[in-house]
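The values are calculated or read from the model by the stated rules, or taken from the named source; none is laboratory data. Since the model is a prediction, treat every value here as computed from it, not as a measurement. All Cβ positions, glycine included, derive from the backbone under ideal geometry; neighbour counts span all protein chains shown.
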Amino acid sequence: MSARPELEDGTLITFLMVPKIFPILEELVSSLQLDNEIWFSLGLANVVIIERPAKREVSKQIIEKLKQEANITASETWRIKDNKILKHKFPYSQLDHHTSVADQISITVSDKLPLHLKFTVSEFILSANKFLSASKKFTPRYYEKHCKTVDASLALINDLSFLYGDLDFVPENFHLKSIYDSYNEKSDDVLRDNTFLKIREELINDYNGRLIQFNSALSYVYSQTYSGTFPLFDHFGIIQRHSLLGVGSAISSLTELLVQLESAFYFLPFESIDDCLYGSSMLSDLNILNSFMSLSGHDVEIWKKDSVRNSVLKESNPLRTLKSLPSDFFIRLAFFSGRLGFREYDFSATAALQVLVEANSLQWNVINYTHEIIHNHVRLILNNLLLPLHNSKNGDYEKWLEQYLQKLADVFQSINKRGLPSNTTYKDFFIFVLFRYCVNHSYYGSLSYPSNQKEINELKTDTSRKKKYNLPSAPQLKEIILNHYKDITEIFVHVIDYSYIYSRQVEVYLQSIWASWSTVTTVATDLRQYILRTLIITALNETGTLPERFNKARKKFLLVLDKIADQNQNAYLFKRIREALEDDKDEDLKTRFYNCIVVGDMVYNFFVGELELYLDNSDKNRLPKGDYSKSGVLYDIERNSFQGNEIKSKVRFALDQLIRETNDSTRLFGDSKKERTSAWLLISLSSSS
């Protein structure tokens, strides 16, 4: 496309809302022989046609072609005179600006709620109704999904009513419901129940905070997505650079990633572990517990050969399952935030605002958004293994810990006698691995805690092994789990991200995460943790003893480190990384790695299913496998081109563009081309499937 045309008198500017812009834009340009009349934007009005007085038929032809494809929502046209907008009209529209509103949310609010919460709830109702009305009008393809997200959030308001003592409300939180159900007749006795009183204040604060956060998300999504809707001058956006047309299509690119991944994760067996073989099958091989005897005895090859593990993974391909999404399944809301960056919550997931101008760069690539999507998948897995964290605020959590600590003590006793513990399921085994990671931290350290070499030396001289098998009390373990929950979560997320999103391409993954981490100041203050995260990933496919795997992972990281450093500006950061990796006397990094890699191996070998074919999605743009074995490039689509078939797999296309960026040794083009390429990538991802 050439330079922006001058807006002489009589020029017409037509804005079109096109749900599927890829590859229709290429078809329009080639079939209508256009030059610089057609442009794209990040708004919902994502196609802009500028017609000089001599070319008045272009927009009509394009609208007619889009109507034939059922691929246009609405349009708005301006006529320019004396560098001003003389008038505007709507040559085509499926929108009814006056009556197209969503069904209004109907919810009963308890009079017992305090005034500030009634205010929060009223803001929620107003914001949700406004958001859903805009969704139904301007993005009907997402309306049903948006309704389900809002419906899911209503449980917060319902449970707050119960927490404030209104027994006409049946709580939906599992623990609250068990308290409610224990009273056959509605009675104020429930309000004096010690268990209820103990968790009431914490849950009120938690639910109130989550409701406020969701209100904020609704406000962001509405202002970012639906500014730039018609009439344009009625809906200015809050992002100044995109204040006229908004960033609705950029939001759609995030939504498409959410839809593809969260739907795929649902079909895996790991979020409902009790319903698969892991929940019912008993351990039958003592060697699978080698890491409990000693970390030095950990042998991941034994796990790889396990028959139950192989059976579960074989059935984990969503293409083989007959499951369908439940009626209440919802997709979280997506928006951009300069303050939150990449972050995820119960009902929303945000991307850094910088993605809008550098979505294709290594530092701010849109693929980083997948890390936040995976966090929700991991939280649902850990809800089965460590229980939901909010349960830690009640006595039942400690009772549950006591039961499992006794089971773990029995495991240690059986191991000591070289016997297999009875009635130990694979789910139990996974819980024991996570417990052991937490308990080990006081000796070997963890992702975020340094090791204690003195304690390790004492362990080595403890021939009775009493110290090794010494377990904390339930209250102590609860605090340790709370302190290490983020560690465990990050190990899960990194392994799954590397496996599913990056197709196990180690070098590409390392380049991507370190480009992103180099922009975060907290990484430099806790550098060893991030080095450990990297070593875990690089060691997953290595064989041998733990010391051998550590050395192989370290060497692999060092080999790619110079390339990573050349792609980023923070030279001192990478100098510190090299010094840490080359220090052969550094026992802390090694021993922390030994503790962490056991969890990483567990995730990689038991919780990574056969999702690749589902994510590949038989995309016709994919190159034959032999064609990209050397370059790594996956797609036959050139940058800044709309030529190709419909992009089916948004995740794979994002990976393809990231690989191209890692292969591009120049990357010295100016800001204008960089922003245009980023916009093109977001627009390409935004086309609804």
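The residue of region 158-178 that is modelled with the highest pLDDT, among those that are farther than 13 Å from Ser110 by Cβ and surrounded by fewer than 18 Cβ atoms within 10 Å (Cβ to Cβ), is Glu172.
If the condition is being surrounded by 18 or more Cβ atoms within 10 Å (Cβ to Cβ) and either in contact with a Pro (Cβ under 9 Å, 6 or more places away or on another chain) or among the acidic types (Asp, Glu) (or both), then region 101-157 contributes only Thr139.
Every residue, every condition in (1) over 15 Å from Ile367 (Cβ atoms); (2) modelled with pLDDT of 85 or more; (3) not polar (S, T, N, Q), yes or no:
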site	(1), (2), (3)
Ser618	yes, no, no
Arg622	yes, no, yes
Ile637	yes, yes, yes
Lys648	yes, yes, yes
Arg660	no, yes, yes
Leu685	no, yes, yes
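Looking at the structure I just gave you, is Gln406 assigned to a helix (DSSP H, G or I), surrounded by fewer than 18 Cβ atoms within 10 Å (Cβ to Cβ), at pLDDT below 90 and out of contact with any Lys or Arg (no Cβ under 9 Å at 6 or more places or on another chain)?
Values: assigned to a helix (DSSP H, G or I): yes; surrounded by fewer than 18 Cβ atoms within 10 Å (Cβ to Cβ): yes; at pLDDT below 90: no; out of contact with any Lys or Arg (no Cβ under 9 Å at 6 or more places or on another chain): yes.
No.
Just checking, which of Ser311, Ser272, Ser291 is over 24 Å from the mean Cα position of the chain (by Cα), in a helix (DSSP H, G or I) and surrounded by fewer than 18 Cβ atoms within 10 Å (Cβ to Cβ)?
On the way: Ser272 fails: over 24 Å from the mean Cα position of the chain (by Cα); Ser291 fails: surrounded by fewer than 18 Cβ atoms within 10 Å (Cβ to Cβ).
Testing whether each residue is over 24 Å from the mean Cα position of the chain (by Cα), in a helix (DSSP H, G or I) and surrounded by fewer than 18 Cβ atoms within 10 Å (Cβ to Cβ) leaves just Ser311.
Contact annotation: residue pairs with Cβ atoms under 7 Å, 6 or more positions apart or on different chains, pairing a residue in region 410-435 that is in the same structural domain as Asp306 (by TED's automatic domain parsing) with a partner that is small (Gly, Ala, Ser) and not in a loop (DSSP other than H, G, I, E, B), are Leu420/Ser414; Pro421/Ser414; Thr425/Gly279; Thr425/Ser280; Lys427/Gly279.
More than 22 Å from the chain's Cα centre (by Cα), charged (D, E, K, R) and part of a helix (DSSP H, G or I): is that true of Glu398 in this structure? Walk me through it before giving the result.
Working: more than 22 Å from the chain's Cα centre (by Cα): yes; charged (D, E, K, R): yes; part of a helix (DSSP H, G or I): yes.
Yes.
For first residues located in region 562-585 and over 17 Å from Arg528 (Cα atoms) and among the basic types (Lys, Arg), partners that are in a helix (DSSP H, G or I) and at pLDDT 90 or above and lie 6+ apart or on another chain with Cβ distances below 9 Å form the pairs Lys563/Glu507; Lys563/Leu510; Lys563/Gln511. If I filter region 590-600 for residues that are assigned by TED's automatic domain parsing to the domain that holds Tyr443, over 18 Å from Glu548 (Cβ atoms) and of a type outside the set (Val, Ile, Thr), do I get at least one hit? Taking every residue of region 590-600 in turn, none turns out to be assigned by TED's automatic domain parsing to the domain that holds Tyr443, over 18 Å from Glu548 (Cβ atoms) and of a type outside the set (Val, Ile, Thr). For region 241-269, the set of residues classified as closer than 21 Å to Leu16 by Cα and either surrounded by fewer than 18 Cβ atoms within 10 Å (Cβ to Cβ) or among the charged types (D, E, K, R) (or both) consists of Arg241, Ser243, Leu244, Glu256, listed by residue number.
So that you can scan it fast, the table gives a plain yes or no per residue for (1) within 30 Å of Phe265 (Cβ to Cβ); (2) modelled with pLDDT of 90 or more:
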| site | (1), (2) |
| --- | --- |
| Gly632 | yes, no |
| Gln643 | no, no |
| Arg667 | no, no |
| Leu682 | yes, yes |
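Among residues of region 276-288 being assigned to a helix (DSSP H, G or I) and modelled with pLDDT under 90, the one that is surrounded by the most Cβ atoms within 10 Å (Cβ to Cβ) is Ile288. Evaluation of Ser361 against the conditions (1) in contact with a helix residue (DSSP H, G or I) (Cβ under 6 Å, 6 or more places away or on another chain); (2) not in a helix (DSSP H, G or I) shows that the sole unmet condition is (1). Only one of the numbered conditions (1) closer than 28 Å to Val378 by Cα; (2) modelled with pLDDT under 90; (3) not small (Gly, Ala, Ser) is violated by Gln567, and that is (1).
Let's see how each residue does on (1) in contact with a helix residue (DSSP H, G or I) (Cβ under 9 Å, 6 or more places away or on another chain); (2) surrounded by 21 or more Cβ atoms within 10 Å (Cβ to Cβ); (3) on the phi < 0 side of the Ramachandran plot:
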| site | (1), (2), (3) |
| --- | --- |
| Arg554 | yes, yes, yes |
| Asp562 | yes, no, yes |
| Glu579 | no, no, yes |
| Asp586 | yes, no, yes |
| Asn595 | yes, yes, yes |
| Lys620 | no, no, yes |
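For Gly228, the conditions (1) in contact (Cβ under 8 Å) with a residue 24 or more places away in the chain; (2) assigned by TED's automatic domain parsing to the domain that holds Ser422 are fulfilled apart from (2). Kindly evaluate Leu471 against the criterion of being modelled with pLDDT of 85 or more and surrounded by fewer than 20 Cβ atoms within 10 Å (Cβ to Cβ). Taking the combined requirement at face value, the residue satisfies it.
Inside region 206-221, can you point out the residues that are among the hydroxyl-bearing types (Ser, Thr, Tyr) and within 21 Å of the chain's Cα centre (by Cα)?
The initial filter retains those residues of region 206-221 that are among the hydroxyl-bearing types (Ser, Thr, Tyr), namely 207, 216, 219-220.
Answer for region 206-221, where residues must be among the hydroxyl-bearing types (Ser, Thr, Tyr) and within 21 Å of the chain's Cα centre (by Cα): Ser216, Ser219, Tyr220.
Hey, could you check region 91-145 for residues that are hydrophobic (A, V, I, L, M, F, W, C) and part of a loop (DSSP other than H, G, I, E, B) and say which is modelled with the highest pLDDT? The extreme case among them is Leu113.
The number of residues in region 294-308 that are under 18 Å from Glu542 (Cα atoms), part of a helix (DSSP H, G or I) and without any contact (Cβ under 8 Å) to a residue 60 or more places away in the chain comes to 2.
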